[in-house]
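Report on one structure; see the data block that follows.
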Amino acid sequence: RPSSESVKSVAFAHPLDTVVPPSPPAVPATSSASPPPSTRHLPVSSSARSVPATGKGRRNRSRSLAMMNSRSRKRLRRAGFGSQPNTSVTRPSLRNLSTAFAFLGTHSEASSNPYGPNQSRRLPDKEEYDQAMLKELDSMESHGVKELVDLPPGAHAIGTRWILSKKFDADGNLQKYKARLVAQGFTQREGVDFSTTYSPVIAAPSLRLMLSIAANKGHAVEALDISTAFLNSDIDGDVYVKQPPGFVDKDHPHKVWKLKKALYGLRQSPRLWYNTLHEFLLQQNFVRSDYESCLYTRKNSVTGEDTMVAVYVDDLVLSSNIPSVVSSLKSSFVSRFSITDLGPLTSILGIKVSRDHTNKCFYLSQASFVRDAISKFGLDYLPACRTPMTNATDLTPTPGFKASLPDAN
């Protein structure tokens, strides 16, 4: 059981303090007179600006503004915010704001779009996406994912589609282009195409606790990514999918793929991959935690080894008090899977990770995630809001804590 000191060894950088909303863009004045307060910042169309604010023109202008207000309110409602009549910007409530951020999820490393090969031809970086699709097909061929067969009578062929994405690191820098061929699992029939689907991932508190223990004990912490992880799992049952769009066999256009391995998008694929990885870790003498299904430990009383592995689908974090054990464990993964060695842990699931060996702690920051969330939900130009705190509150630094937080930018 870790001590209370080890649990406190993870410090968090708060990027919200570093994000300052820019001032709203200036709206060109149409006359020397100031507009009424209720419509001061409303975007006015060119036709409305050209109408003089007198007589019949004033009525037409008011009607145009009312229509714009209606459209603005609808846009705000679609974004999850409330609205007030005759206002261009509405301050969202804390409840709606938290809902908006929750819709983004926690994994912000990839920005995906369901483009097909035909749509990708019109993208500015089409060559990169073409190479990514060919690389995905080569990987499927090397894993023996499928065989081309005639669809048996009464069988159901599941559709497929391409998902093209750009993978970014925790700072928002482009890492690589990705193309994933996925099955349209929403067309699967329960009891026919799949049975059980549950697959666990490590909980955020468990991952933070693991980093706390590693920081307190001075363990080496490294990360790795398993490429095309689902393709390493054997399929359970007869599953047929249609040939991928843009890559149909010209000699056999009416045939389908009979899957031998799990394919992304299938309901059962995450569970099959988890079982495959679980069996591999058991072969490496790891023991699964009774309280966290995605945390594995291995101890050796003779050598004093203390190793932990955290699993989030195909992202793994390795920690050990013996650095050579981490290297040996990576070699074991290479013998079974195709992996990307990420070296010392610097980011995980879109979270930037930095380590302070002197103070025995890790810093976790999601500054890029916060900036993307602010931009996604149109909060860039919201007015500043004061912190709801009494003036008499005395804020003092934590006793004994002298570390400076890293730059959240």
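The values are calculated or read from the model by the stated rules, or taken from the named source; none is laboratory data. From a predicted model like this one, the values you see are computed outputs, not experimental measurements. All Cβ positions, even for glycine, are placed from backbone atoms using ideal geometry, and neighbour counts span all protein chains on display.
Below is a table of values for the structure above.
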item: Only one of Ser319, Ser354, Ser289, Ser269 that is touching a Leu at 6+ places or on another chain (Cβ under 9 Å) and outside the structural domain of Asp238 (by TED's automatic domain parsing); result: Ser354
item: Number of the exception - Ala262 against (1) under 16 Å from Ala229 (Cβ atoms); (2) among the aliphatic types (A, V, I, L, M); (3) outside the structural domain of Asn232 (by TED's automatic domain parsing); result: (3)
item: Flag for Gly304 being small (Gly, Ala, Ser) and closer than 29 Å to Asp238 by Cα; result: no
item: Test: residue in the range 308-316 that is in the same structural domain as Phe280 (by TED's automatic domain parsing), under 24 Å from Ser206 (Cβ atoms) and among the charged types (D, E, K, R); result: yes
item: Any hit, the range 365-375, residues being surrounded by 15 or more Cβ atoms within 10 Å (Cβ to Cβ), in contact with a strand residue (DSSP E or B) (Cβ under 9 Å, 6 or more places away or on another chain), of a type in the set (Val, Ile, Thr) and not in a loop (DSSP other than H, G, I, E, B); result: no
item: Listing of strands (runs of 3 or more DSSP E) fully contained in the range 123-186 that carry 2 or more residues being in the same structural domain as Tyr264 (by TED's automatic domain parsing), modelled with pLDDT of 90 or more and over 26 Å from the mean Cα position of the chain (by Cα); result: 146-149
item: The range 213-235, residues that are among the polar types (S, T, N, Q) and over 13 Å from Ser320 (Cα atoms); result: Ser227, Thr228, Asn232, Ser233
item: Residue in the range 221-239 that is free of Cβ contacts under 8 Å to residues at least 60 places away in the same chain, under 25 Å from Lys178 (Cβ atoms) and over 28 Å from the mean Cα position of the chain (by Cα) present; result: no
item: Test: residue in the range 356-377 that is in contact with a Cys (Cβ under 8 Å, 6 or more places away or on another chain) and under 30 Å from Thr297 (Cβ atoms); result: no
item: Restricting the range 284-335 to residues that are assigned to a loop (DSSP other than H, G, I, E, B) and of a type in the set (A, V, I, L, M), the residue that is farthest from Leu349 (Cα to Cα); result: Val302
item: Sole residue being closer than 21 Å to Asn275 by Cα and outside any helix (DSSP H, G or I), chosen from Ser199, Ser206; result: Ser199
item: Some residue of the range 187-202 being more than 29 Å from Ser293 (Cβ to Cβ) and either touching a Ser or Thr at 6+ places or on another chain (Cβ under 9 Å) or free of Cβ contacts under 8 Å to residues at least 24 places away in the same chain (or both); result: no
item: Tally, over the range 292-319, of residues that are within 27 Å of the chain's Cα centre (by Cα) and either surrounded by fewer than 20 Cβ atoms within 10 Å (Cβ to Cβ) or touching a residue at least 60 places away in the same chain (Cβ under 8 Å) (or both); result: 16
item: Filter pass, Thr358 being modelled with pLDDT of 85 or more, within 30 Å of Lys217 (Cβ to Cβ) and β-branched (Val, Ile, Thr); result: yes
item: Candidates Ser319, Ser301, filtered to the one that is more than 24 Å from Lys135 (Cβ to Cβ), among the polar types (S, T, N, Q) and modelled with pLDDT of 95 or more; result: Ser319
item: Of the criteria (1) in a loop (DSSP other than H, G, I, E, B); (2) modelled with pLDDT of 90 or more, which one Val192 fails; result: (2)
item: Test for Thr398: is it at pLDDT below 90, over 28 Å from the mean Cα position of the chain (by Cα), at negative phi and surrounded by fewer than 18 Cβ atoms within 10 Å (Cβ to Cβ); result: yes
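So that you can scan it fast, the table gives a plain yes or no per residue for (1) closer than 24 Å to Thr346 by Cα; (2) polar (S, T, N, Q); (3) assigned to a loop (DSSP other than H, G, I, E, B):
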site	(1), (2), (3)
Met210	yes, no, no
Asn216	yes, yes, no
Phe230	no, no, no
Pro245	no, no, yes
Asp249	no, no, yes
His254	no, no, yes
Pro270	no, no, no
Trp273	no, no, no
Leu282	no, no, no
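The rows are residues; the columns are (1) acidic (Asp, Glu); (2) touching a Gly at 6+ places or on another chain (Cβ under 9 Å).
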| residue | (1), (2) |
| --- | --- |
| Tyr177 | no, no |
| Ser195 | no, yes |
| Ser199 | no, no |
| Asn232 | no, no |
| Asp249 | yes, no |
| Lys255 | no, no |
